[in-house]
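Have a look at the structure below, then the notes.
The values are calculated or read from the model by the stated rules, or taken from the named source; none is laboratory data. Quantities reported herein were computed from a predicted structural model and do not represent experimental measurements. Just the protein is used for accessible areas: all its heavy atoms, side chains included, with ligands, DNA and RNA removed. Shrake-Rupley method; radii C 1.70, N 1.55, O 1.52, S 1.80 Å.
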Amino acid sequence: FFENRALYLGMSRDEERWLALERDYRRQVRKAYYRREEDFATLVQYNDYLEEVEEIVAGLVDEKQRPATRARLDKLRAADPSLTAHNRARLDEDRNAMSAAVEAERREAQQRAAQRLQEAKEAAEEEARAKAELQDEVAAGKTVADAQAELERRRAAAPAAAAAGAAAAGKSYSYVPTAGPARPADVPRAQPLHEQRE
């Protein structure tokens, strides 16, 4: 793995191993001692923290400095472990949000590509239909010019016909009750069944 990657990056195997070791120690430092810019009152203090992290990482990579650097990191870890845990949780949230955004963008790109393919397919099918219709008109005895004019007329009328059909389909019967003839005054009203007399 290291040899192939080193050859790809134009690096020696020793350089690649050193970078892998540095990445590993950098993760360990972030796990033990992680601060964000908002944790500091000034940008200068935040930059000092970043420089401190680089010093710690370099000390851990160096075998001679590693024991003393580990002791230094242990003290920093014990100073405020809750803040580090809080910041790491926020880092995970940021990464998850970024991953979700990338995934959403990827899905949207796929949907746009699928839509373009569908539109291209429909355009090709429409062109094939138009060509077949033109051939049928010519075969029926019309000139090419007359056949093209007839097809254009049909295409122009198609949207209006479709709209008219949709409007007609949308109309439904609606019953509207109307008042019946006035009841004569001498006509008795129907009584409930249990009150009717023979």
Share of carbon and sulfur in the accessible heavy-atom surface of segment 1-119 [1.4 Å probe, %]: 52
Roll a 1.4 Å probe over the protein chains and send me the accessible area per residue for segment 14-111 in Å². 70
HN-Hα couplings for segment 23-30 via Karplus (6.51, -1.76, 1.60; θ = phi - 60°), in whole Hz with x for Gly/Pro, come out as 4, 5, 5, 5, 5, 5, 5, 5
